[in-house]
Amino acid sequence: MAERETKLLYPTLAGFYDSVLPIAETFVRIVVGVMFLMHVSVKFKIGTGAVAANIFAKNGFQPALAWAYVTMFIELVGGVCLIIGLFTRFVAAVLALEMLIAILFVHLPKGYAAGSGATNMCCSLGRHAFLSRCAAVVLIRSTV
């Protein structure tokens, strides 16, 4: 099989890409981590029991309280790990999987609009978590 070669979108900006890429990757990772911390802060404000009753029990996830603790732990620890840069690939994959589950089983049946189920927020968080390690590379480089 022939190897695919990665080429720059704008080869004349190669020096700029090399100098900005580490900064862009770090910036994207920190922003995604902050987004997850903001996402979980609401769950901490209303409490684990309310999260279990209003989100998990209504959608058939049993035991609801255990699911509430697990998701809150994942989002809190995952957000912090992304911000400080610890285990970023593993954490990003776990967070993206959590958002995928939330989209498929909780938000998708309600629709895309923010008022009816906020699927768009979970899509954004999941997408950004999945791409947090490679988003800057995807924006700058193209595989031909």
> How high is the FRET efficiency between Phe73 and Lys45 when r is their beta carbon distance and R₀ equals 25 Å, given to the nearest 0.05?
Replying inline: 0.95
> So for Ile84, Ile55, fewest C-beta neighbours within 10 Å to most, what's the order?
Replying inline: Ile84, Ile55
>> Restricting to DSSP loop positions (anything but H, G, I, E, B) with no more than 15 other Cβ atoms inside 10 Å of their own Cβ, which chymotrypsin sites (Phe, Trp or Tyr not before Pro) remain in the stretch 38-90?
In response: Phe87
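Every read-out reported here was derived from the displayed coordinates using simple, explicitly stated rules and does not represent laboratory data. Given the structure is predicted, the values throughout are model-derived calculations rather than measurements. Counting neighbours? That spans all protein chains shown, and the Cβs are built from the backbone with ideal geometry, glycine included.
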